[in-house]
Amino acid sequence: MGEMPFPIDRPRRLRRTPAIRDLVRETHLQPSNFILPYFVVEGEGVRKEIKSMPGHAQLSVDLVVKEAREADALGIGGVILFGIPKHKDEEASGAYDDAGIVQQACAALKREVPGLLVITDVCNCEYTSHGHCGKIVDDDVDNDITLGWLAQAAVSHARAGADIVAPSDMMDGRVGAIRAALDDAGFPNIPILSYAAKYASSFYGPFREAAESTPQFGDRRSYQMDPANTREALKEMALDMEEGADMIMVKPAMPYLDIIKAAHENFDVPIGAYQVSGEFAMIQAAARNGWIDLERAMMESLTCIKRAGAHIILTYFAKEASRLL
Ligand code: PBG
């Protein structure tokens, strides 16, 4: 502490009152940043609660429409649809069936809540009897056969009225295959939000209960990424960009903030992040035990995901967070 008067810099000056803190805050959440996931099932009036995801349920199309009206009224950015078909088979036929469950939900939402943005998840794991994301050949997912299914599914979603398609399968070349198929089918204006850096994560546990998509054998590590890798994520993002992705996503979000930041710094497109089911469940579980404050943990987690560079956040907290904003 030499000649200088103690201390000249007092960062606490700018934290003294709520008004000053508001003035200097660097990151602001908005409902329009949030995308709310829905799990759609066949039937009518069906609401099957998902135990590990409080407040979330498998919903039939009529109830999705009802809930989506509320989401729309809250100003939420949009919804993303996951389908749970009645019948699963080796060929994931429900994924690219024009009468499939996501296609039905999409059409109903576009008819009943026309202003609401609808994104569809393009993947096969909810539709295959074995729970893997594509065609099984010799005990592994065959990349190039699976591309055909994905392209058909994306086109079928676009036909049903999807505003954006979001492939989450992690096959090589899928963005290119989907772009070409959409263009061919007369949908050159439908954007692709690619799950570019999707990791083989244990944090998807509750989702697999919700979507009934747990692999019946093995795991997804031959197609989803190793959590240890950063440079590989940048390569995946670069490939998706070359193939025509309009936006890229990182998933999960909170343990992967460095990857979100890298995406933001390296690519001049909107960056998405998926705060996945396990992240949601952890916060809910701790809050239920009285160990953390639900609202504060929710808002802090979302703010930090945005601060890291995600403009679009897929989150099961979309409604609650929008209500608070
Ligand atoms: C489909 C898909 C998954 C999630 C989103 N799309 C599951 C998985 O890859 O096993 C997980 C989302 C979540 O955990 O909330 N492939």
query: Name the pairs whose Cβ atoms lie under 6 Å apart, with the first residue in the stretch 209-237 and closer than 13 Å to CYS133 by Cβ and basic (Lys, Arg), the second modelled with pLDDT of 90 or more and surrounded by 13 or more Cβ atoms within 10 Å (Cβ to Cβ), and 6 or more positions between them or separate chains?
result: ARG220/ALA200; ARG221/ALA200
- line: By my count, strands (runs of 3 or more DSSP E) wholly in the stretch 24-123 with at least 2 residues that are modelled with pLDDT of 95 or more and open to solvent by 50 Å² or more (accessible area, probe 1.4 Å) are 47-49
- request: Hey, can you tell me all the residues within the stretch 192-208 that are over 20 Å from THR315 (Cβ atoms) and part of a loop (DSSP other than H, G, I, E, B)?
  value: ALA200
- prompt: Scanning for something open to solvent by less than 20 Å² (accessible area, probe 1.4 Å) and touching a residue at least 40 places away in the same chain (Cβ under 8 Å), does the stretch 287-298 turn up at least one residue?
  reply: no
query: Under the condition of being within 23 Å of GLU236 (Cβ to Cβ) and free of Cβ contacts under 8 Å to residues at least 40 places away in the same chain, which residue from the stretch 151-171 is farthest from the ligand (Cβ to nearest atom)?
result: ALA151
task: Show the residue pairs that are 6+ apart or on different chains and have beta-carbon atoms under 6 Å apart, the first residue being within the stretch 115-138 and within 11 Å of the ligand (Cβ to nearest atom), the second being of a type in the set (Asp, Glu).
output: CYS123/ASP169; CYS133/ASP169
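Determine, yes or no, whether TYR256 is within 16 Å of the ligand (Cβ to nearest atom), more than 27 Å from ARG69 (Cα to Cα) and open to solvent by less than 30 Å² (accessible area, probe 1.4 Å).
Against the criterion (within 16 Å of the ligand (Cβ to nearest atom), more than 27 Å from ARG69 (Cα to Cα) and open to solvent by less than 30 Å² (accessible area, probe 1.4 Å)), TYR256 qualifies.
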- request: Go over the candidates LEU147, LEU182 one by one and state the one that is free of Cβ contacts under 8 Å to residues at least 60 places away in the same chain, away from the ligand (no atom under 16 Å from the Cβ) and either open to solvent by less than 40 Å² (accessible area, probe 1.4 Å) or within 18 Å of MET241 (Cα to Cα) (or both).
  value: LEU182
message: For the list (1) surrounded by fewer than 20 Cβ atoms within 10 Å (Cβ to Cβ); (2) closer than 21 Å to GLU126 by Cβ; (3) among the basic types (Lys, Arg), I need the number of the one condition that ARG220 fails.
response: (1)
task: Considering only the stretch 192-220, state which residues are more than 7 Å from the ligand (Cβ to nearest atom), touching a Gly at 6+ places or on another chain (Cβ under 6 Å) and over 24 Å from GLY173 (Cβ atoms).
output: GLY205, THR214, GLN216
message: Can you confirm whether ALA308 is in contact (Cβ under 8 Å) with a residue 12 or more places away in the chain, touching a Lys or Arg at 6+ places or on another chain (Cβ under 6 Å) and buried (at least 17 other Cβ atoms within 10 Å of the Cβ)?
response: yes
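The values are calculated or read from the model by the stated rules, or taken from the named source; none is laboratory data. Just so it is clear, the structure is predicted and the values come from calculations on it, not from any experiment. Cβ coordinates were reconstructed from backbone atoms using ideal geometry, including for glycine residues, and neighbour counts include every protein chain displayed. We work out accessible area using only protein heavy atoms, side chains counted, and drop any ligands, DNA or RNA first. Shrake-Rupley method; radii C 1.70, N 1.55, O 1.52, S 1.80 Å.
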